[in-house]
Amino acid sequence: MRKNPAKRDNGPAYLLLAPIVILLTVFVVIPFFYALVVSFYDWSFYQESVFVGARNYYLVLTDDLFLESVWTGLKFALMVVPAMLILAFLFANVVKNLSPRFSGFVKTSVYIPTIISGIVASVIFVFIYDYTAGLANYILGWFGLEPKAWLAEVGTALPSIAVPAVWLGFGLTALIMLSGLHDIPESYYEAAALEGAGTWAKMRHITIPLMRNVILYLLVTGFTAQISQFELSLVMTNGGPLSETVTPNLYILNHFRNDVMVGNSIAASLLLFVVLGSISAIIFRVLNSEKAVDG
């Protein structure tokens, strides 16, 4: 009996998928369900666990600091992600029109901050924001302005942390944007030019619609990464001043280090997972990704 060709191809396909399925199962699926079980216990490394039902979730949801940390993470992402996407989009449009040799140099240069550790970047910007000898206050002095305690004042601490976050993520975002721009056929722009379309019309009716999937990807990954970040706020402010820069992951880290029972931290982690999933779903819904246009 003759075999179906499609069925003959399933074996190699399953074999190729097996490593990633195993890795996801071991490092994602099993830990997730184990964490879900542990979140219903007063679980400790040193004491016997006690089942407490949903008490850990209740304690987290009634903790004003956790709710404040989620709001802080959202504000932080709203500062970083739109600024990073707009700057990367403009930069990618400029680089696209450069000569191949010079554009290669520019792309390599702009990617360098991406490989820098968040800890190293934090230390660099702590010196930049230093009250007495920092570059930021030195520039203010040019305009006759008083120096600011950038990382110690309510109202400036969170935006000050957002700057290195944009710097760290800009390179990769710009290169992804540039890749998306190169995927748009030049014939579309040539046809639009023949119809008398200007630069803005081409961007509005060709570039932005055909970049929708790229923008969607960068929005989802950007919001997830920025709401989850904690290195910058840990090193630069340690959550201060007055808990203004306590992000959700920094809240979870502090509880994990300080609490004997870690069920509270795990419950907070799972609630953060729900928050991130909800935000991603909203972004997908707003951008209507299933109808995105591909070049």
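If you take the residues of segment 116-145 that are among the β-branched types (Val, Ile, Thr) and closer than 20 Å to Leu234 by Cβ, which of them is farthest from the chain's Cα centre (by Cα)?
Ile128
The conditions are (1) farther than 30 Å from Ile227 by Cα; (2) hydrophobic (A, V, I, L, M, F, W, C); (3) surrounded by 15 or more Cβ atoms within 10 Å (Cβ to Cβ); (4) within 29 Å of the chain's Cα centre (by Cα), and Ala197 fails exactly one of them. Which is it?
(4)
Among the residues of segment 219-239, are any out of contact with any helix residue (DSSP H, G or I) (no Cβ under 9 Å at 6 or more places or on another chain), closer than 30 Å to Tyr131 by Cβ and not polar (S, T, N, Q)?
The answer is no; no qualifying residue exists.
Pull up segment 126-162, narrow it to residues that are hydroxyl-bearing (Ser, Thr, Tyr) and in a helix (DSSP H, G or I), then point me to the one that is least open to solvent (accessible area, probe 1.4 Å).
Among residues in segment 126-162 that are hydroxyl-bearing (Ser, Thr, Tyr) and in a helix (DSSP H, G or I), the one least open to solvent (accessible area, probe 1.4 Å) is Ser160.
Within segment 22-40, does at least one residue satisfy the condition of being under 27 Å from the mean Cα position of the chain (by Cα), at pLDDT 90 or above, exposed (fewer than 14 other Cβ atoms within 10 Å of the Cβ) and not in a helix (DSSP H, G or I)?
no
Specify which of the listed residues (Leu78, Leu74, Leu67, Leu36) is in contact with a helix residue (DSSP H, G or I) (Cβ under 7 Å, 6 or more places away or on another chain), of a type outside the set (D, E, K, R) and within 30 Å of Val154 (Cβ to Cβ).
Only one candidate passes the filter, namely Leu74.
Within segment 72-110, work out how many residues are farther than 23 Å from Ile206 by Cα, at pLDDT 90 or above and either open to solvent by 20 Å² or more (accessible area, probe 1.4 Å) or not hydrophobic (A, V, I, L, M, F, W, C) (or both).
Residues in segment 72-110 being farther than 23 Å from Ile206 by Cα, at pLDDT 90 or above and either open to solvent by 20 Å² or more (accessible area, probe 1.4 Å) or not hydrophobic (A, V, I, L, M, F, W, C) (or both): 6 in total.
Determine which member of the set Leu270, Leu253 is open to solvent by less than 30 Å² (accessible area, probe 1.4 Å) and at pLDDT 90 or above. Full working, then the answer.
Details: Leu253 fails: open to solvent by less than 30 Å² (accessible area, probe 1.4 Å).
The conditions single out Leu270.
Quick one: count up the residues across segment 41-72 that are more than 12 Å from Ile266 (Cα to Cα), outside any helix (DSSP H, G or I) and of a type in the set (Ser, Thr, Tyr).
Final tally of qualifying residues: 3.
Could you run through segment 227-242 and say how many residues are open to solvent by 40 Å² or more (accessible area, probe 1.4 Å), modelled with pLDDT of 90 or more and part of a loop (DSSP other than H, G, I, E, B)?
2
The values are calculated or read from the model by the stated rules, or taken from the named source; none is laboratory data. Model, not experiment: these values are computed from the prediction. Cβ atoms come from the backbone with ideal geometry, glycine included; neighbour counts cover every protein chain shown. Each accessible area value is taken on the protein alone, full model and side chains, heavy atoms only, with ligands, DNA and RNA left out. Shrake-Rupley method; radii C 1.70, N 1.55, O 1.52, S 1.80 Å.
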